[in-house]
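Here the structure is laid out as structure tokens; the discussion comes afterwards.
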Amino acid sequence: MTSVLRELNSSNLNDGQKLAVKYFTVAILLFGAQVLFGLLAGLQYLHPGLLYGVLDFNVNRMVHINAMVVWLLYGFLGSVYWMLEEEAGHRIEGLRLGTLFFWILTLAVVVVVLVYLLVQVGPGEESTLWLINEGREYIEAPRWADIGIVASVLVFFYNVAITFSKGRYTGIGGVLVLDLLALFGIYLAGMFYTPNISIDQYWWWWVIHLWVEATWEVLVACIMAYGLMKVLGVSRRIVETWLYIEVALMFGSGILGLGHHYFWIGTPEYWFTIGGVFSALEPIPLVAMVVHAVFDAGVRHVRNTNHPTMAWLIAHAFGNFFGAGVWGFMHTLPQINLYTHGTQWSASHGHLAFFGAYATIVIAFFYLAIQRWRGNVWMSEGLPDGGWKWKWSLALLNIGMTGMTVAMLISGYVQSQIERAIEGSTWAGYFAAQGHPWFMQGMVWREIFGVSFAVGFVLLVWDLLTIGKHEARAARQIDGDHQQRPAFDGRAIQGAV
Ligand code: HEM
Ligand code: HEM
Ligand SMILES: [Fe+2]
């Protein structure tokens, strides 16, 4: 038997993909940081004195969720750069600028995290906003970094838009470019400071809600469409038709669905009705996405070019539906939200939604990347080691996240019952709920399942480093898109020049 060793080789990648794997690498590192700081914050729920004064809960929590936002954004940027040249049928424009700004952005991220960790306490002055922390949950980065982020993102937008314009605009390309414009425009709403907390929250939610429930959803619908074409060989006509339907439904419900965050922040009462009605419609496009993915997989009897990617794409369709759709719907009517707002219900939904809708699809693209990076190796059934690593990491990550979600939901129920229903939302009721043994049991189980999640993460990294290394076979070929038009291969052009 001949033995092969397939090292990672960038000559297997086009220029956009070379840039993409840089983004993916940083994304995985930050994912690891997210898991680490999540475990620490979870432990502090159980032992409130742990690391007090050294690494406080609020700092751990901030690093945990900021790392999440940034690694997912890196994952999205990477995924877009990954598909750019093939989709546009043109070599990436502005590659040098793109690479330069990758390094600038990454340096800024490192500095911001170091400042979070080194300057944990201090006065809240104008200079604090500029240099240390803006104090807006999820997007705490100080203003100098905000400006850096906006600049990097404009470069990204320019690269993507110009590459499509010089090549061709596919349906996916067109939706993507318009969406990126909205995604980056909305970020600006989180950048100005006002001392009125209602007004501040009003704009802050433009970034948080409109990002995750409108522009991020559309972005992942685009990369999902591309993923289904690549992995399952679905025809472009079908994925693009679905894409248009999903996008129309998402914007139709998601924009005014924003109202579900305006129930209790001092905004006018009409938001009860608007928020209740439109956010209750938000799960509909998510159902469409599940039907689409499952239908495509069924029609092709799940014969595909990359099993781990396919498994994670399916995890995305279901995770998005349950985490965002079902878990979101549970507390989105104002009559219910009155009891659940600000309890572990939100955290339960937040975890399942961010993981289910976004972490999953980025992981799917990690596997797509590693396959090509090793020279388009076989990644379908019958892997040499039975594929135990990817299967176990898939299981541990999903079981870990499901378990954490259920544990938090149980704690959330205890809070709604004791703090809100029995004690009538008093200060004393808050503490009665937080200290209740049933609440604490949920928090213990959150940590236990968190450890399962962390083990799944370690396996994932190990698998990404090793899968396909000793594989002699080439990948199965079933690319639906290529049945309709010739593939564009950036390397062919480079070779000819
Ligand atoms: C992938 C999409 C989604 C993600 C990532 C997501 C994530 C989150 C997160 C992290 C929070 C907590 C925010 C905070 O810190 O206060 C939240 C709150 C909320 N989400 Fe979602 N969500 C998504 C979709 C949805 C959908 C589709 C619905 C409704 C059907 C929904 C309903 C809600 C409600 C009502 C709250 C407010 C909870 C409260 O403060 O009382 N979400 N979401
Ligand atoms: C080892 C696994 C993890 C543990 C132990 C953990 C633990 C925690 C803890 C203790 C908090 C603070 C909750 C609070 O303030 O009451 C938190 C917040 C949060 N985590 Fe995690 N986490 C983990 C993984 C993840 C993952 C993988 C994601 C998403 C991809 C995620 C998304 C979030 C979000 C969105 C929040 C804010 C929730 C809200 O404001 O309601 N976490 N996490
Ligand atoms: Fe929302």
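Can you list residue pairs whose Cβ atoms sit under 6 Å apart, with the first residue in region 150-176 being without any contact (Cβ under 8 Å) to a residue 40 or more places away in the chain and small (Gly, Ala, Ser) and the second being assigned to a helix (DSSP H, G or I) and open to solvent by 10 Å² or more (accessible area, probe 1.4 Å)? Count only pairs 6 or more apart in sequence or on different chains.
If the second residue must be assigned to a helix (DSSP H, G or I) and open to solvent by 10 Å² or more (accessible area, probe 1.4 Å), the pairs left are ALA161/VAL177.
MET289 - would you say it is assigned to a helix (DSSP H, G or I) and open to solvent by less than 10 Å² (accessible area, probe 1.4 Å)?
Working: assigned to a helix (DSSP H, G or I): yes; open to solvent by less than 10 Å² (accessible area, probe 1.4 Å): no.
Against the criterion (assigned to a helix (DSSP H, G or I) and open to solvent by less than 10 Å² (accessible area, probe 1.4 Å)), MET289 does not qualify.
Within region 428-472, work out how many residues are within 14 Å of ligand 2 (Cβ to nearest atom), open to solvent by 70 Å² or more (accessible area, probe 1.4 Å) and more than 30 Å from the chain's Cα centre (by Cα).
Counting residues in region 428-472 that are within 14 Å of ligand 2 (Cβ to nearest atom), open to solvent by 70 Å² or more (accessible area, probe 1.4 Å) and more than 30 Å from the chain's Cα centre (by Cα) gives 1.
Residue under question is MET330, and the condition is that it be out of contact with any His (no Cβ under 7 Å at 6 or more places or on another chain) and open to solvent by less than 20 Å² (accessible area, probe 1.4 Å); does it hold? Please lay out each step first, then the result.
On the way: out of contact with any His (no Cβ under 7 Å at 6 or more places or on another chain): yes; open to solvent by less than 20 Å² (accessible area, probe 1.4 Å): no.
Judged against the criteria, MET330 is not a match.
Hey, could you check region 395-408 for residues that are surrounded by fewer than 22 Cβ atoms within 10 Å (Cβ to Cβ) and not polar (S, T, N, Q) and say which is farthest from GLU447 (Cα to Cα)? Give the steps one after another, and end with the answer.
Kept after step one, since they are surrounded by fewer than 22 Cβ atoms within 10 Å (Cβ to Cβ), are these residues of region 395-408: 395-396, 398-399, 402-403, 406.
With not polar (S, T, N, Q) added as a condition, the list becomes 395-396, 399, 403, 406.
Details: ALA395: 17, LEU396: 14, ILE399: 13, GLY403: 10, VAL406: 12 Å.
Out of the qualifying residues, it is ALA395.
TRP216 - would you say it is open to solvent by 10 Å² or more (accessible area, probe 1.4 Å) and either touching a helix residue (DSSP H, G or I) at 6+ places or on another chain (Cβ under 7 Å) or under 25 Å from PHE365 (Cα atoms) (or both)?
Working: open to solvent by 10 Å² or more (accessible area, probe 1.4 Å): no; either touching a helix residue (DSSP H, G or I) at 6+ places or on another chain (Cβ under 7 Å) or under 25 Å from PHE365 (Cα atoms) (or both): yes.
Taking the combined requirement at face value, the residue does not satisfy it.
Of the residues that sit in region 284-316 and are over 18 Å from ILE478 (Cβ atoms) and among the small types (Gly, Ala, Ser), which one is nearest to the chain's Cα centre (by Cα)?
In this case the residue turns out to be ALA315.
When you look at GLY135, is it surrounded by fewer than 18 Cβ atoms within 10 Å (Cβ to Cβ) and not hydroxyl-bearing (Ser, Thr, Tyr), yes or no?
Numbers: surrounded by fewer than 18 Cβ atoms within 10 Å (Cβ to Cβ): yes; not hydroxyl-bearing (Ser, Thr, Tyr): yes.
Yes: the conditions hold for GLY135.
So, restricting to helices (runs of 4 or more DSSP H) that lie completely within region 183-269, which ones have at least 2 residues that are under 20 Å from VAL299 (Cα atoms) and of a type in the set (D, E, K, R)?
Numbers: elements: 197-210, 216-232, 236-257.
Here the list reads 236-257.
Quick one: in region 333-349, of everything that is closer than 16 Å to MET401 by Cα and crowded, with 17+ Cβ neighbours inside 10 Å, which residue is nearest to ligand 2 (Cβ to nearest atom)?
Residues of region 333-349 that are closer than 16 Å to MET401 by Cα, as a first pass: 344-349.
After this cut, where a residue has to be crowded, with 17+ Cβ neighbours inside 10 Å as well, the list is 344-345, 347-349.
Values: GLN344: 6, TRP345: 9, ALA347: 4, SER348: 8, HIS349: 7 Å.
Here the residue is ALA347.
Out of all the residues in region 358-384, which are farther than 12 Å from VAL21 by Cβ, within 17 Å of the chain's Cα centre (by Cα) and not aliphatic (A, V, I, L, M)?
Of everything in region 358-384, those that are farther than 12 Å from VAL21 by Cβ, within 17 Å of the chain's Cα centre (by Cα) and not aliphatic (A, V, I, L, M) turn out to be TYR358, THR360, TYR367.
Just to confirm my filter: which helices (runs of 4 or more DSSP H) fall fully inside region 299-354 and include at least 2 residues that are more than 13 Å from ligand 1 (Cβ to nearest atom)? Write out each step before concluding.
Working: elements: 307-319, 327-330, 334-340, 344-353.
By residue number, 307-319.
The values are calculated or read from the model by the stated rules, or taken from the named source; none is laboratory data. Note that the structure is predicted; figures quoted are calculated from it, not measured. Cβ sites come from the backbone with ideal geometry, for glycine too, and all protein chains shown count toward neighbours. Remember, those area values only see protein heavy atoms, side chains included, never the ligands or the DNA or RNA. Shrake-Rupley method; radii C 1.70, N 1.55, O 1.52, S 1.80 Å.
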